[in-house]
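Below is one structure; the comments refer to it alone.
The values are calculated or read from the model by the stated rules, or taken from the named source; none is laboratory data. Note that the coordinates shown come from a computational prediction; the quantities given were computed from them, not determined experimentally. Counting neighbours? That spans all protein chains shown, and the Cβs are built from the backbone with ideal geometry, glycine included. Remember, those area values only see protein heavy atoms, side chains included, never the ligands or the DNA or RNA. Shrake-Rupley method; radii C 1.70, N 1.55, O 1.52, S 1.80 Å.
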Amino acid sequence: VMYGYHRDQWHVKKGQNLDATKMNIDPVALRDWMGGIEELKAYEKKVIEVLPHIHIVYEEDLSIPEQQSVTIETVTDFLGLPNEKVKSNLKRVTPKNLSSFIENIDEVIQYLGESRYHQYLESINNSI
């Protein structure tokens with residue numbers, strides 16, 4: 001999300017190119033942003049826990065093209081709608097390798113390692 005704001009571009013169509021840019025992340029701002037996300041998730045969970053719903057996570061359910069049709073089938077079944085074949089002409093714009101777009105990745109890793117968010121370092125280290 002931060003990279004999308006930095007680039008002011010959220011998607012690109014297949015066949016189009018996106019200029020690669022790097023950004024610096026203020027570790028304190030990142031910590032604050034992560035805290036806000038945690039608060040929002042807790043609020044959302046509380047609001048929808050009494051409503052029938054399904055849990056969808058972009059990284060697990062939509063970012064993998066092969067998983068998209070399974071997710072759409074789950075959603076249409078849940079809503080009682082006919083299942084339709086889906087496809088997208090959009091491609092991923094944020095690189096999986098964090099060091100390819102975060103200039104100060106070492107500083108971010110060090111800061112997170114000393115914070116209550118240190119548990120995210122394993123997934124970050126797998127993305128460097």
Practice item. Given the conditions (1) among the β-branched types (Val, Ile, Thr); (2) under 22 Å from Met2 (Cβ atoms); (3) open to solvent by 90 Å² or more (accessible area, probe 1.4 Å), report the number of the one that Val28 does not fulfil. Key: (3)
**Study point:** Matching residues, region 1-25, being open to solvent by 90 Å² or more (accessible area, probe 1.4 Å), closer than 20 Å to Tyr120 by Cα and among the aliphatic types (A, V, I, L, M)
**Key:** Val1
Check your understanding: Looking only at region 69-95, which residues are closer than 30 Å to Asp19 by Cα and over 15 Å from the mean Cα position of the chain (by Cα)?
Key -> Ser69, Val86, Lys87, Ser88, Asn89, Leu90
Check your understanding: Can you name every residue in region 71-110 that is touching a residue at least 40 places away in the same chain (Cβ under 8 Å) and in contact with a helix residue (DSSP H, G or I) (Cβ under 7 Å, 6 or more places away or on another chain)?
Key -> Thr94, Phe101, Ile102, Glu107, Val108
Revision key, fill the gap. Of those in region 50-107 that are open to solvent by less than 100 Å² (accessible area, probe 1.4 Å) and in contact with a Phe, Trp or Tyr (Cβ under 9 Å, 6 or more places away or on another chain), the residue farthest from His118 (Cα to Cα) is His53
